[in-house]
Amino acid sequence: MVEIWINVMSAKEFDVIIVGAGPSGCSAALSLRNSGLKIAIFDKATFPRNKICGGALSLDVVNQLNKISPELYQNFSQFANKQPIDKIKITVPNDDSLVFSIEKSQKKGFVCNRLDFDNFLVNETKKCNNICFFENTKIVEYERKKDFYQIKSDDNEIYNAKILLVANGAYSNFNRKLSQSKVDKNNYSVAIQAFYENIKVENQNTLELYYLKETLPGYFWIFPTLDQKVNVGLGLLAKDITKNKINLKKLFGDILNKPEFKDRFSDAQKIGNLKSYGLPLGGSKKSLSGNRYLLLGDAASLIDPFLGEGIGNAIRSGRFAAEQVKKCFVDNYFSAKFNKNYDKIVYKSVHKEQKRYLFLQKMFRFPKIANISLKICKKTKLLNFFFGNVIELIK
């Protein structure tokens, strides 16, 4: 096995090149592990590496891992670095709250720091003999030739592949220059997040989401993690930040000083600095493919526009991309027209739900609607309409 690994490592010619080793890139690679294809996956970071994120893993994430491989699901089930979630508390501007709770179940949602979750997927990927993993390697140039894609790394190495999977984010140089895909800044969110110790929490297995008047349609979150640490963050639409000249760090501090939070954070200690990140939200269709390439995860703008959850759809896009890749090699056909099948299957799976959550995002601009929505949920069976993705975290 060692000799096989060394031979793959020395090769510059591949069947598939994946740029980006986050959930979408690793999921695509893992879905191709038994394909007989020679895969290369590149990432500019060295793992384990952290990524700013709330870290909530919905039931959809767990189910997607199982669809890739029952073995992968079992390995994740045995993975220690995750906090199971039994309850979710949602609070709206008038301070009314609703708590979802469930009995213990084999499949449920978790909070898992991205440093740990992404590293779990990377380590699973490195186990595969047909996958060559390049860390600390940034791809700086892309060029489509007649029968393959050629890429160049920051150390001036050249690699070729029949098809390219782009999984390195919405602002990757590929997305900007070659696919000519533009991020819709009107459908983009910005969040800030930090870890804290010594926060007073009602229950270490409860997620808390606060739709505050000053954050709508975004929210403030308190997510428990392992070792009594808590992931605390705030996310708003980018257009609202610009229009209202909002200083996110100041708003974050103002929220912590609100009466409902001040006592809970009185003894809190922040671990490190507040960090910010952007989220390209889904809800509107864009081209996800072209001649010999597919866009995955954030590069495809598949993040839920209401809650900002994107890991489930990132993994889903990796699975679908792998299926399209297999079809390309079976038919020896890699054209833009043929790859439109990937766009169709992705949007058939996610677009209807994303349109619904885009609608809710627009409705939740108004505090009265947020208040009424929670009231309706308490009295009717419309929980899935308003908070379906939230419920998925604990099912």
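Every number here is computed from the coordinates shown, using simple stated rules; none is lab data. Computed from a predicted model, the values in this text were never measured in an experiment. For neighbour counting, all protein chains shown are included, and Cβ atoms are generated from backbone atoms with ideal geometry for every residue, glycine included.
Along region 330-340 the Karplus relation, 6.51 cos²θ - 1.76 cosθ + 1.60 evaluated at θ = phi - 60°, assigns HN-Hα couplings of 5, 8, 6, 9, 10, 6, 4, 5, 5, 6, 5 Hz to successive residues, with x for each Gly and Pro. Evaluated on region 199-316, the Kirkwood hydrodynamic radius is 16.4 Å, with distances taken between all distinct Cα atoms.
Within the chain, antiparallel bridges make up roughly 65 percent of the DSSP beta bridges whose residues both belong there. In angstrom, the C-alpha Rg and Dmax of region 287-364 are 13.6, 48.
When only the Cβ of Lys, Arg, Asp and Glu is charged (+1, +1, -1, -1), the dipole of region 250-395 relative to its Cα centre reaches about 560 debye.
Taking a Cβ cut-off of under 10 Å around residue 288, the surrounding Lys, Arg, Asp and Glu residues balance to a net charge of +3, with basic ones at +1 and acidic ones at -1.
Its residue count N fixes a reference of 2.2 N^0.38 Å for region 210-251, and the Cα radius of gyration divided by that reference is 1.33. Charge dipole (Cα centre; +1 on Lys/Arg Cβ, -1 on Asp/Glu Cβ; no other charges) of the chain amounts to roughly 1420 debye.
As a test of the formula, what do you get for the chain when each DSSP H run with n ≥ 4 contributes -39,500 (n - 2.57) and the sum is divided by the residue count, at 222 nm and rounded to the nearest 500 deg cm²/dmol?
For the chain, the value works out to -11000 deg cm²/dmol.
Between 23, 35, 297, the Cα set farthest toward the positive side of the dipole of the chain (charges on each charged residue's Cβ, about the Cα centre) is that of 297.
In order along region 163-174, the Karplus-derived 3J(HN,Hα) couplings, from 6.51 cos²θ - 1.76 cosθ + 1.60 at θ = phi - 60°, round to 8, 10, 10, 9, 10, 10, x, 5, 9, 5, 5, 5 Hz, and Gly and Pro are given as x.
In summary, the convex hull built on the alpha carbon positions of the chain has an orientation-averaged projected area of 19.2 nm². Which log10 I(q)/I(0) values, to two decimals, does region 114-227 give at q = 0.11, 0.20 Å⁻¹ under the Debye formula with one point per Cα? Relative scattering, expressed as log10 I(q)/I(0), comes to -0.66, -1.19. The H on the amide N of residue 274, modeled in the peptide plane, is under 5 Å from the matching H of no residue at least 5 residues off or on a different chain.
All C-alpha to C-alpha distances of region 266-395, sorted into 5 Å bins beginning at zero, yield P(r) values of 2, 10, 16, 17, 14, 13, 11, 8, 5, 3, 2, 0, 0 percent in whole numbers. Local charge for residue 125 was computed over the other residues whose Cβ lies under 12 Å away, with Lys and Arg +1 and Asp and Glu -1, and equals -1. Using the Karplus relation 6.51 cos²θ - 1.76 cosθ + 1.60 with θ = phi - 60°, the per-residue 3J(HN,Hα) values for region 86-100 come to 9, 9, 10, 10, 10, 10, 10, x, 8, 6, 6, 10, 9, 10, 8 Hz, with x marking Gly and Pro. Above 21 Å, the calculated P(r) of region 89-174 contains 58 percent of its Cα-Cα pairs.
Between amide H atoms placed 1.01 Å from N, distances below 5 Å from residue 291 occur with 336, all of them 5 or more places distant or on a separate chain. Each Lys and Arg adds +1 at its Cβ and each Asp and Glu adds -1 at its Cβ; summed about the Cα centre, region 43-131 shows a dipole of about 260 debye.
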